[in-house]
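**Student:** Dropping a structure here in structure tokens format, bear with me for questions.
The values are calculated or read from the model by the stated rules, or taken from the named source; none is laboratory data. What you are looking at is a predicted structure, and each value in this text was computed from that prediction instead of being measured. Reconstructed Cβ throughout: ideal geometry from the backbone, glycine too, with neighbour counts over all protein chains shown. The accessibility values were calculated without ligands, DNA or RNA, using every heavy atom of the protein model including side chains. Shrake-Rupley method; radii C 1.70, N 1.55, O 1.52, S 1.80 Å.
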Amino acid sequence: MHDALFWFCASIAVGGALLAMLRREPLKCALSLIASFVALAGLYFLLKSPFPAVLQILLYAGAIMVLIVFVIMFLNDESGAPGKGDISRGGLVLAVLILVPLGWILIRAIWNADLPMMPAAPEDFGTVPAMGEKLFTTWLYPFEVLSLLLLAAMAGAVLLAKKRLD
């Protein structure tokens, strides 16, 4: 049962991410991304890590996606309308001719690989104290760099939106 749930959540996560990349309509892309985020939360639950799973649902599938959908609706960009920028048949055939053999090679390499078994997770894996300790000791500097990167991205988005509104 555990394997079936894993494959179900993994296929929903990968399928949602692929649809988010391949769809033309921004709102449908956002909805596909929400499905992918919820499936990732399911994978966290299967790993017996409830804290990241709840954070995934509350923060990413909830708050951040509401913000993204709000921006999509606010900008109301018509460039993603169907029929514009369609892929040519030659490009599609070329993509299939390249991706199918590469996918087959990747699947065969993974299937034939002699990988060691993963060690068992520690008892406190995924709990709030364990994650807080790792985040603010081992991963403190990457965490701060990420916060500065997000701050710069927000400032850039505000500047780009201001130029567009003027």
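**Student:** Set Lys and Arg Cβ to +1 and Asp and Glu Cβ to -1, take the dipole of the chain about its Cα centre, and tell me which of Ile57, Ala41, Trp104 lies farthest positive.
**Tutor:** The residue sitting farthest along the positive end of the dipole is Trp104.
**Student:** Continuing with this model, one more query. Short version: ³J(HN,Hα) in whole Hz for each residue of region 21-26, in order, from phi by Karplus 6.51 cos²θ - 1.76 cosθ + 1.60 (θ = phi - 60°), x for Gly and Pro, what are they?
**Tutor:** 7, 9, 6, 8, 7, x
**Student:** Right, another one. At 10 °C and 1.306 mPa s, what whole-number value in µm²/s does Stokes-Einstein give for the translational diffusion of the chain, with Rh from the Kirkwood sum over Cα pairs?
**Tutor:** Numbers: Rh = 19.7 Å.
Reported coefficient: 81 µm²/s.
**Student:** Can you tell me the order of 98-110, 14-26 when each peptide is scored by its average per-residue count of other Cβ atoms within 10 angstrom, highest first?
**Tutor:** On the way: 98-110: 9.8, 14-26: 14.9.
The packing order, highest mean first, is 14-26, 98-110.
**Student:** A further question follows. Express in Å², to the nearest 10, the accessible area of Tyr60 obtained by rolling a 1.4 Å probe over the protein heavy atoms while all chains stay in place.
**Tutor:** 100
**Student:** I've got another one for you. Probe 1.4 Å, all protein chains in place: accessible area of Asp124 in Å², nearest 10?
**Tutor:** 80
**Student:** Here's something else I'd like to know. Pop a pseudo-label 7 angstrom from the Cα along the beta-carbon direction at both Leu151 and Phe125 and give the gap in nm to one decimal.
**Tutor:** 3.5
**Student:** Also, quick follow-up: Residue by residue through region 117-134, which ³J(HN,Hα) values in whole Hz follow from phi under the Karplus form 6.51 cos²θ - 1.76 cosθ + 1.60 (θ = phi - 60°), with glycine and proline marked x?
**Tutor:** Calculated HN-Hα couplings, in order: 5, 6, x, 5, 6, x, 4, 9, 4, x, 7, 4, x, 5, 5, x, 5, 5 Hz.
**Student:** Per residue of region 108-113, in order, report the coupling 6.51 cos²θ - 1.76 cosθ + 1.60 (Karplus, θ = phi - 60°) as ³J(HN,Hα) in whole Hz, putting x for Gly and Pro.
**Tutor:** 5, 5, 5, 5, 8, 6
**Student:** Once the whole set of protein chains is in place, how much accessible area is left on Lys134, using a 1.4 Å probe, in Å² to the nearest 10?
**Tutor:** For Lys134, solvent-accessible area is about 110 Å².
**Student:** Tell me the carbon and sulfur percent of the accessible area for the chain, rounded to whole percent, probe radius 1.4 Å. Don't skip to the answer; put the middle values down first.
**Tutor:** Working: 10310 of 13530 Å².
Heavy-atom surface of the chain belonging to carbon and sulfur, 1.4 Å probe: 76 percent.
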